[in-house]
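What follows is one structure encoded as C-alpha cells, with my remarks underneath.
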Amino acid sequence: MQAIAVVPHTKTIQRIEHTEPRILRPQQVKLRILDVGVCGTDKEICQSGFGTPPDGDDYLILGHEALAEVVEIGTAVQHLAPGDLVVPVVRRPCPHDECVACRAGRQDFCQTDDYTERGIKSMHGYMTEFVVDEERYLNFVPPNLRSVGVLVEPLTIAEKAIAEMQVIQQRLPWRNQLDPELPGKGLKALVLGSGPIGILGAMRLQVAGFETYVYSRSLTPNPKADIVKSIGATYISTQEMTVEQLVKRFGTYDLIYEALGAGPVIFEIIQALGPNGICILTGVPEPIGPTSINTARLIHQLVMHNQVFCGTVNANPVVFASAIQHLGIFVQRWPQAVQALITRHPIGNFEQVMLGKVGGIKNVLAFKQI
Ligand code: BGC
C-alpha cells in the first residue's frame, strides 16, 4: 500500500510502498485512513529532521492527526465495529515500571521521555491507506462529525490546556462556586495566535463562557479574523495594538492561552496577565540564540500576583472524549466557522502541503473523498 514518509537525515518527503498491516492480536482494530491533518510539528519533522523513524526503518510515515474508519476488528474488541469512525491518540506509554504516569495511562505526563508518538517519535504515522492499532488507543467519533473529525486531535491540545487551567485554578476557592458548565463566566481570556490551535482554543473558551480575545499578527480584515468574529470573540492584530495599548483598552486577562510557538515574545505579553492569572503555553518555538528579558520584573509580577506559568503537551483519552463532545457543540453553534477551518487536498499534493506551501488554516490530506 502507499504511504507518505520522510527520510529524516536527507529531509526528503516521498511516496513509498509499505506493507499493508494485518490484525495480529485479538485487541487490535484495522483502520482505513480517511483524513490526516498537517500541523507545525509535521513541517518541523520535514524541514529540520525532528522526527524519529521506528527501530530498523530509515523512514518515518508522517501524520498524527487522523480520522479513520474501522474496517476489521480482532476477536477481543468490545466497543467498536466495522464502519465506526475513530480518532487515535498520538502518544503511547514508555516501558518503564517507575514511570507512574505511563503506568496510570497518563503518558501525556510521561516522566522518562521514552514514550513513542505516532508519526513523530519511533512509530509510523497515519499518512497511509491502512493501519492496525489497539482498541484502547482509539476514540469513537459520531458519524455526524465525518467532515470535521480531523480537528479532534488539534482540539485536544486546547482541551487539555483548559482542563489543566481548571484544575490549577481550584486554588481560588470562590471560583468553585461558579457554574461548572461555564467555568469562564465573568472571566477574560487572551488567545495568542490564530492558527488551528489558537482558533479551536478560542472556540473552546467561548463554550466555557470566557470573554475571549484573539491577539495575532495579521492585519484585519483577514479570514481568520472573520472566523474569530463569527464565534463572538474579538480579534486584535499585534500590528494594530501594542501589549500596553491592549491592557489600557481592555484591562488584564485571567487566562493567557499561548498557541504561537513564538518564544520570548511571551515574556512581553505576560504583562497582560491579571492577578491570580494563569498563562498556559502550548507552542514549541524554533531554537534561537539567547535573548534578554527583565527577569526581576517577571519574577516580581509572578510572585506579587500569585500567577502561574504552565506548559502543556499531548492529551489523554479523557481529554479526547471531551474534545469530541465539544467539537459536536462547535458544529451546532458555528457550522460555517468550523468548516472554514479545513482545506482538503488530494494526496498527490503532499509535498506542497507538508512544506507549508499552501494557504488554508488546517490543511488536510484526504485519503478518501467525502
Ligand atoms: C502533537 C502532540 C505531540 C506533540 C509533541 C504535537 O503536534 O499534537 O500530540 O505530543 O506534537 O511531539
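The values are calculated or read from the model by the stated rules, or taken from the named source; none is laboratory data. No experiment lies behind these values; they were computed from the predicted model shown. Positions of Cβ are backbone-derived with ideal geometry, glycine not excepted, and every protein chain shown enters the neighbour counts.
In the list Leu178, Leu192, Leu138, which residue meets the criterion of being of a type outside the set (Phe, Trp, Tyr), at pLDDT 95 or above and away from the ligand (no atom under 16 Å from the Cβ)? Exactly one residue qualifies, and that residue is Leu192. Exactly one residue out of Ile157, Ile162 is within 12 Å of the ligand (Cβ to nearest atom), buried (at least 21 other Cβ atoms within 10 Å of the Cβ) and closer than 23 Å to Val191 by Cα: that is Ile157. Within the span defined as the stretch 126-133, one or more residues are aliphatic (A, V, I, L, M), away from the ligand (no atom under 12 Å from the Cβ) and within 19 Å of the chain's Cα centre (by Cα). Taking the conditions exactly as written (over 28 Å from Val318 (Cβ atoms) and either hydroxyl-bearing (Ser, Thr, Tyr) or away from the ligand (no atom under 12 Å from the Cβ) (or both)), does Glu17 satisfy them or not? Criteria met by Glu17.
Here is a check on your reading of the model: is Arg249 crowded, with 23+ Cβ neighbours inside 10 Å and either modelled with pLDDT of 95 or more or within 28 Å of Ala340 (Cβ to Cβ) (or both)?
Values: crowded, with 23+ Cβ neighbours inside 10 Å: no; either modelled with pLDDT of 95 or more or within 28 Å of Ala340 (Cβ to Cβ) (or both): yes.
The answer is no for Arg249.
Considering the stretch 78-93, and only residues there that are more than 13 Å from Leu31 (Cα to Cα) and in contact with a strand residue (DSSP E or B) (Cβ under 8 Å, 6 or more places away or on another chain), the residue that is farthest from the ligand (Cβ to nearest atom) turns out to be His79.
Take Val71 and tell me if it is surrounded by 17 or more Cβ atoms within 10 Å (Cβ to Cβ) and β-branched (Val, Ile, Thr). Considered against the rule, which asks whether it is surrounded by 17 or more Cβ atoms within 10 Å (Cβ to Cβ) and β-branched (Val, Ile, Thr), Val71 comes out as no.
Let's see how each residue does on (1) among the charged types (D, E, K, R); (2) touching a residue at least 40 places away in the same chain (Cβ under 8 Å); (3) more than 14 Å from the ligand (Cβ to nearest atom):
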| residue | (1), (2), (3) |
| --- | --- |
| Cys39 | no, yes, no |
| Ile45 | no, yes, no |
| Gly51 | no, yes, no |
| Gly56 | no, no, yes |
| Ile61 | no, yes, yes |
| Val71 | no, yes, yes |
| Thr75 | no, yes, yes |
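Looking across the stretch 197-215, the residues that are part of a strand (DSSP E or B) and without any contact (Cβ under 8 Å) to a residue 40 or more places away in the chain come down to Glu211, Thr212, Val214. Taken together, Ile280, Ile342, Ile329, Ile347 contain a single residue that is surrounded by 12 or more Cβ atoms within 10 Å (Cβ to Cβ), within 16 Å of the ligand (Cβ to nearest atom) and on the phi < 0 side of the Ramachandran plot, which is Ile280.
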